[in-house]
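Q: Quick one: the structure is below, questions incoming.
No value in this document is a laboratory result; all are computed from the given coordinates. All of these numbers come straight from a predicted model, not from anything done at the bench. As a convention, Cβ positions derive from the backbone with ideal geometry for all residues, glycine included, and neighbour counts pool all protein chains shown.
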Amino acid sequence: MQEKEQPTGGPHFVGKKDELIEAKRSFRTLEGRDLLIVHHQGVFYAMDSYCYHAAGMLQNGDIEELDGKMCIICPKHKYKITLAEGEAIYKGTNPLVKPSVPIWYSKGVKQRVHTVTETNGDVYVKLSEDKSWIESDFYQGEKGKVERAKVEAAEKKKT
Ligand code: FES
């Protein structure tokens with residue numbers, strides 16, 4: 001029997017639920033796109049694996065709840081990205097407001113997130129079909145790959 005071709009965009013099988021839970025963070029490439037799959041506190045998330053800012057490896061980032069949202073903190077420059085929406089958030093003060101108390105602000109969605117589903121212990125990821133440009137798209141494209149290679153080479157030189 002000929003295997004059915006997976007439709008573009010998935011859903012793609014990415015692993016057994018138990019294995020992904022144990023791994024906590026898993027790297028997968030689907031349709032040429034590099035993804036990070038995270039399991040945290042009972043929830044699966046999937047997002048582009050390279051940080052939108054300068055291609056930091058998000059799989060090495062800490063996860064914290066900030067402003068009531070689960071966020072991954074890029075290990076490179078500590079930018080905070082919500083796991084569910086890919087929204088970049090930061091804490092700042094508004095000089096026009098006195099007393100100036102730091103509060104959370106949003107830069108909007110910067111990291112593309114994808115949909116994770118689970119059926120009978122199998123986990124699937126469907127790639128985002130959002131047609132708008134999201135900044136993390138850059139590091140998934142050809143130019144982004146060249147930039148990533150430069151960054152990796154520079155980092156290797158430092159060590
Ligand atoms: S590369 Fe992620 S914060 Fe700069």
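Q: Would you confirm whether any residue within region 125-134 is free of Cβ contacts under 8 Å to residues at least 24 places away in the same chain, in a loop (DSSP other than H, G, I, E, B) and buried (at least 18 other Cβ atoms within 10 Å of the Cβ)?
A: Looking through region 125-134, at least one residue is free of Cβ contacts under 8 Å to residues at least 24 places away in the same chain, in a loop (DSSP other than H, G, I, E, B) and buried (at least 18 other Cβ atoms within 10 Å of the Cβ).
Q: A follow-up question, please. Please work out if LYS143 is within 15 Å of ARG33 (Cα to Cα), of a type in the set (Lys, Arg) and touching a residue at least 24 places away in the same chain (Cβ under 8 Å).
A: When the stated conditions are applied, LYS143 does not pass them.
Q: Do the conditions hold for ILE37, that is, is it in a strand (DSSP E or B), under 25 Å from LYS145 (Cβ atoms), hydrophobic (A, V, I, L, M, F, W, C) and within 12 Å of the ligand (Cβ to nearest atom)?
A: Spelling it out, it is not the case that ILE37 is in a strand (DSSP E or B), under 25 Å from LYS145 (Cβ atoms), hydrophobic (A, V, I, L, M, F, W, C) and within 12 Å of the ligand (Cβ to nearest atom).
Q: Can you find, within region 59-89, the residue that is farthest from GLN111 (Cα to Cα) among those that are among the polar types (S, T, N, Q) and out of contact with any Cys (no Cβ under 6 Å at 6 or more places or on another chain)?
A: Of everything passing the filter in region 59-89, ASN60 is farthest from GLN111 (Cα to Cα).
Q: Run down GLY15, GLY10 and say which single residue is among the small types (Gly, Ala, Ser), in a loop (DSSP other than H, G, I, E, B) and more than 16 Å from the ligand (Cβ to nearest atom). Please lay out each step first, then the result.
A: Values: GLY15 fails: in a loop (DSSP other than H, G, I, E, B).
It is GLY10.
Q: For region 57-72, enumerate the residues that are within 16 Å of the ligand (Cβ to nearest atom), surrounded by fewer than 19 Cβ atoms within 10 Å (Cβ to Cβ) and either more than 14 Å from the chain's Cα centre (by Cα) or more than 19 Å from ALA149 (Cβ to Cβ) (or both).
A: ASP62, ILE63, GLU64, LEU66
Q: Does region 76-86 hold any residues that are loosely packed, with under 15 Cβ neighbours inside 10 Å and within 12 Å of the ligand (Cβ to nearest atom), and which are they?
A: Those that are loosely packed, with under 15 Cβ neighbours inside 10 Å and within 12 Å of the ligand (Cβ to nearest atom): HIS77, LYS78.
Q: What residue, among those in region 76-107 that are assigned to a loop (DSSP other than H, G, I, E, B) and aliphatic (A, V, I, L, M), is nearest to GLN59 (Cα to Cα)? Spell out how you get there, then give the answer.
A: Here is the first cut: in region 76-107, the residues assigned to a loop (DSSP other than H, G, I, E, B) are 76-79, 83-86, 93-102.
Those left that are additionally aliphatic (A, V, I, L, M): 83-84, 96-97, 101.
Numbers: LEU83: 12, ALA84: 15, LEU96: 37, VAL97: 37, VAL101: 32 Å.
Filtering region 76-107 for residues that are assigned to a loop (DSSP other than H, G, I, E, B) and aliphatic (A, V, I, L, M), the one nearest to GLN59 (Cα to Cα) comes out as LEU83.
Q: Give me the residue from region 43-55 that is within 7 Å of the ligand (Cβ to nearest atom) and surrounded by 22 or more Cβ atoms within 10 Å (Cβ to Cβ) and, out of that set, farthest from GLU152 (Cα to Cα).
A: The selected residue is CYS51.
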